[in-house]
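First comes the structure, then the notes that go with it.
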Amino acid sequence: MSVFKLSRRDFLRVSGTAAGGVALGVMLPAGNATAGHSEHFEPNAFVLIDSEGNTTIHCGRCEMGQGISTALPAAVADELEADWSRVTVLQADGDSDKYGPQATGGSRSINTMYVPMREAGASARMMLVTAAAKIWQAEVDDCYAENHFVYNRKLKARLSYGELAAIAAELPVPEKPALKTKDQYRYIGKPLPRHDLGKVVVGERTYGIDTRIPGMKFAAIKHVPVYGGSVKSFDASEAEAMKGVEKVVNIPRFQAPYGSLGGIAVVANNTWTAQQALAKVKIEWDRGPHGGYNTNAYKAAMVEQVEKPAKPVFKRGDLKAAFDAAKVTHSATYVQGHLSHSPMEPMVSLVSVTEDACEVWASTQDPEGIQRTLGAYLGRAPKDILVHVMISGGAFGRKFKCDYVQEAAALSQAVGAPVQLAWSREEDTKTGYYHSTSVQHLEGAVDSEGNVTGWLHRSAFPTIASTFDPSIEWPREQELGAVINHPYGIRNLEVESGHAPAHTRIGWYRAVRALFEGFAFNSFTDELAYQSGMDSLEFFRKLYHNNKDPDQAEQVERSLAVLELAAEKGGWGKELPQNQGLGIAVHYSFESYLAMVVQVEVIGDDIKVHRVDCAVDCGEVLNTDGATAQMEGAVVMGMSLALYTEISFRDGEVVNSNFHDYPVLRTSEVPPIINVHFAENDYKATGLGEPGVPTFAPALTNAIFAATGKRYRSLPIKPVYS
Amino acid sequence: MSDKIIINGKEQTVDVDGNMPLLWYLRDELNLTGTKFGCGMALCGACTVHINGEAVRSCVTPVNQAVGKQVTTIEGLSDSGDHPLQRAWIEHKVPQCGYCQAGQIMNAASLLAQNPTPTQEEIEQGMQGNICRCGTYNRIKNAIASAAVQMQEVKS
Ligand code: FES
Ligand code: FES
């Protein structure tokens, strides 16, 4: 990582002002290897101060509600000693040469960008201080920066950042900027509000769906309902005769990982006309090879499969001997359905394709993916696709895949105008990229002291890799890595996988495999504890303590720490009224550690969560409010998927269509108390967008078991289409 | 028949098919994009606006039903973004992605107009039709409760 000064030309270009100022770029090692001090140097993150003191920080990562456009720029502003009220955050356009990798997923933004962004801020601060010292002809050590000014202790004078910017711009960039210590933080670790809250509450924050440009048309689409199917024939005469309709377009399937499924779209002068006309197009589908997909039958067949020996993936020790010598043995099978991300803003993009240019405005998590996909589709260089990253109204992994952008490009080509395509909620629900349905069969052996001595873990789920290569019909070994390397200390372990061909597009969903792995590990641990007549917390402790592998010492220590913190704060072991129970779960994913204690009351079918205590270790916390919000959201999404959400297929088609039969949690069911407790440590900052979700469902089902003796091994607990 | 609507205090002449949902009229014809599309079936509340002060789901309200009436959208809820609910939303740092929040605020505003001192249960009942996929529900409820108190204090 290094910090560079922008050339005067670059400064002009990015600041849009001729007034002098300082502009720094940050280059990540993963960035453009050819970048240097040359005229053409294109740094990948900007900190800009103009002669008025206005400060601009570009956020290269995509904002979708997780708060990254506040957390990272605030870290820059902190090191810069900038006055946050003078800072404007801009969402950067898609340009990985400049901004480094922009694909925003895997809870990686903070992990990779935190230190480089701070160093950029610290460099700029040091340059401003040096500039002031020069003016005063004073020692640098007598000068210090504070809240947009540089002060001179001896002279009792001060100069503003605006006054200093032009002079600072002439100075060399410090080699190794000194970062602040914790006690000097101004914004880091504080509950700083999102930078654009004020815009949200007056309806002025512009999402992808809100993009408006002159001459644009509006479009609606109906996709091929079965994956791999196609349009056999269609009659658009009635639709095309409607006033305001521009064109009815047959979009063929584009065989790329993020390409269109294929379908019929209508381009019109407004969204409603497009929707109305679309309903009038008579379409006959060819249902293709997956017309027999039926999720209930599929899950049943997978269960049958994993309850028998399957394909060995990993083996440690002698499992058979462990079982032969065990005091307690137990087995269980866990099942989860497909999930749809269903962000509140559905898939929308606006694309303008002309002979020599292509411009995109899209809510997206992956501008580079758009450049690649449209580059391939249009036969142009990815760099020639200009992508404006718009704020996403939620994404949860769905907006990583840009099929909706490629479709808008096809429509723009077809009508020779910019086209905004907005999917209906029905299309979003029925033709997405779904979280894998999964089954896991576990067998455990416990000795007379309550140590788990043997663990068999057999998984089957259609893999995300199938979306890229349909011939892949088994989970790949790396997808079982979290099972193989789980920080439990178990001497004898066998991991197997089952055959699971995909019949729909499988995609990343918030927390990905950790959702079902966390459910299986934590549910089965609770079951084994019960079978062994032991307290669950004590049983968890033993499982971690038994891991003596020095390579996993940190994982063990941090897992135990959040486990203890959640147990203490959640009142593990406390007396509860009748029909109530406590459940505990702990899981490590995306380099962060989570534990939860859930307090539930069950009366008949009514499941009421009274309280959730979350213990979080994501290393240093950048923004306590943002991190807390992520956990509150994780609890709500965890509860949605534990209780209700499942995408069901019948005859190859998704049965669900909208929020009435894909019900997500509503306000009355949200746990009234969601406490978030942060572990205090100095580990490096890691992400929190995903790790909060996996622990909720098992903590809930463990709590339900404690309250009622009923064990739920299949999620959701209340499926709509069972 | 008159074809005028007052939207955020400004008179508009409706020159589209009267069956067009108010949502799309606002968004596509008037570029008032603060009102959001979420489901199109009155299931999520993202599109909530006021007609003569009452919350309606604009995705299922034909524009001709608003003719001759006052429509208020999030852009017109207050003159300078200082409605007690807007202030409470900022104070409680409610939004995550923020997409649902215009609908949440508009729904809450009509709730408080009808019931200035709602109980927690009444708030829940009143807000049950508004989905927030990011899970900001508890903050929404707290913000509504504190705005209600604020509004009472101003009155007395
Ligand atoms: S868009 Fe109107 S209620 Fe959902
Ligand atoms: S804040 Fe994202 S849907 Fe409510």
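Once you divide the Cα radius of gyration of chain A by 2.2 N^0.38 Å, the number left is 1.02.
Here the protein assembly as shown is treated with +1 on each Lys and Arg Cβ and -1 on each Asp and Glu Cβ, and its dipole about the Cα centre works out to around 300 debye.
What net charge is computed for the residues neighbouring A:ASN681, neighbours being all others with C-beta under 11 Å from the C-beta of A:ASN681, Lys and Arg scored +1, Asp and Glu -1? Neighbour charge sum, excluding A:ASN681 itself: -4.
Please report, as a whole percent, how much of the solvent-accessible surface of region A:574-698 comes from carbon and sulfur atoms (probe radius 1.4 Å).
Ligands and nucleic acids excluded, carbon and sulfur reach 45 percent.
In chain B, the portion of solvent-accessible area held by carbon and sulfur atoms comes to 46 percent [1.4 Å probe, whole percent, DNA, RNA and ligands not counted].
Geometric descriptor of region A:116-157, per residue, is 60 Å³ (volume of the convex hull of the Cα atoms). Sorted from greatest to least, the principal axis extents spanned by the alpha carbons of region B:84-155 come out as 33, 23, 17 Å.
Given the convex hull of the Cα atoms of region A:47-197, what is a quarter of its surface area in nm²? Please report the intermediate quantities before stating the final value.
Working: hull surface 37.3 nm².
Computed as one quarter of the Cα hull surface, the answer is 9.3 nm².
What accessible area per residue comes out for region B:1-135, rounded to a whole number of Å², with a 1.4 Å probe? All intermediate terms of the calculation are to be shown ahead of the outcome.
Details: 5020 Å² over 135 residues.
Accessible surface, normalised per residue, equals 37 Å².
Among beta bridges identified by DSSP and lying wholly in the protein assembly as shown, the antiparallel ones come to about 75 percent.
Full-extension gain between A:GLU284 and A:PHE468, please, as 0.36 nm times their residue separation minus the C-alpha to C-alpha distance. Each step should come with its number before you reach the end.
On the way: separation 184, 0.36 × 184 = 66.24 nm, distance 2.75 nm.
Using 0.36 nm per residue and subtracting the Cα-Cα distance, I get 63.5 nm.
Output the pairs from A:LYS217/A:LYS282; A:LYS608/A:LYS710; A:LYS299/A:LYS608; A:LYS180/A:LYS684; B:LYS10/B:LYS93; A:LYS247/A:LYS280 with a Cα-Cα distance over 19 Å in this structure; if there are none, say none. Write down the numbers at each step before the final one.
Numbers: A:LYS217/A:LYS282 22 Å; A:LYS608/A:LYS710 15 Å; A:LYS299/A:LYS608 28 Å; A:LYS180/A:LYS684 15 Å; B:LYS10/B:LYS93 31 Å; A:LYS247/A:LYS280 13 Å.
The answer is A:LYS217/A:LYS282; A:LYS299/A:LYS608; B:LYS10/B:LYS93.
Give me the percent of accessible area attributable to carbon and sulfur for region A:47-197, probe 1.4 angstrom. Mind showing how you got there, number by number?
Values: 2950 of 5890 Å².
C and S fraction of accessible area: 50 percent.
Could you state, as a whole-number percent, how many of the C-alpha pairs of region A:623-698 are farther apart than 14 Å? When all Cα pairs of region A:623-698 are counted, 68 percent exceed 14 Å.
For chain B, the Stokes-Einstein estimate of translational diffusion at 4 °C and a viscosity of 1.567 mPa s comes to 82 µm²/s, using the Kirkwood hydrodynamic radius over alpha-carbon pairs.
How much FRET efficiency would the formula 1/(1 + (r/R0)^6) give for A:LYS156 and B:GLN152, where r is the Cβ-Cβ distance and R0 is 60 Å, rounded to 0.05?
On the way: r = 49 Å, r/R0 = 0.82.
With R0 = 60 Å, the Cβ-Cβ based efficiency is 0.75.
Considering only the Cα atoms of region A:81-122, their convex hull presents on average a projected area of 3.7 nm². Summing +1 for each Lys or Arg and -1 for each Asp or Glu among the other residues whose beta-carbon sits under 15 angstrom from that of A:ALA325 gives -2. With N as its number of residues, region A:301-435 has a Cα radius of gyration that, divided by 2.2 N^0.38 Å, comes to 1.62.
So for region A:499-581, Kirkwood radius off the Cα pairs, Stokes-Einstein at 4 °C and 1.567 mPa s: how many µm² s⁻¹?
Numbers: Rh = 15.5 Å.
D = 83 µm²/s.
With no solvent and one equal point scatterer per Cα, compute the Debye intensity ratio I(q)/I(0) for region B:26-114 at 0.12 Å⁻¹ and report its log10, rounded to two decimals. Rounded to two decimals, the profile gives -0.33.
Measuring with a 1.4 angstrom probe and ignoring ligands and nucleic acids, A:MET534 comes out at about 50 Å² accessible. Which value in Å does the Kirkwood hydrodynamic radius of region A:210-316 take, with 1/r averaged over all unlike C-alpha pairs and then inverted? Here the Kirkwood hydrodynamic radius works out to 16.7 Å. Taking only the Cα atoms of region B:3-77, the radius of gyration and Dmax are 10.7, 29 Å. With the helix formula -39500 (n - 2.57) applied to DSSP H stretches of n ≥ 4, the protein assembly as shown reaches a computed 222 nm mean residue ellipticity of -9000 deg cm²/dmol. Protein heavy-atom accessible surface, 1.4 Å probe, per residue over region A:525-610: 43 Å². Multiplying each eigenvalue of the alpha-carbon gyration tensor of region A:129-245 by 5 and taking the square root yields semi-axes of 60, 18, 17 Å, largest first, rounded to whole angstroms.
Pairing chains B and A buries close to 4400 square angstrom of accessible surface in total, based on protein heavy atoms and a 1.4 angstrom probe.
The values are calculated or read from the model by the stated rules, or taken from the named source; none is laboratory data. This structure is a prediction, so every number in the text was calculated from the model and none was measured. Here Cβ is always computed from backbone atoms with ideal geometry, including for glycine, and neighbour counts include all displayed protein chains. We work out accessible area using only protein heavy atoms, side chains counted, and drop any ligands, DNA or RNA first. Shrake-Rupley method; radii C 1.70, N 1.55, O 1.52, S 1.80 Å.
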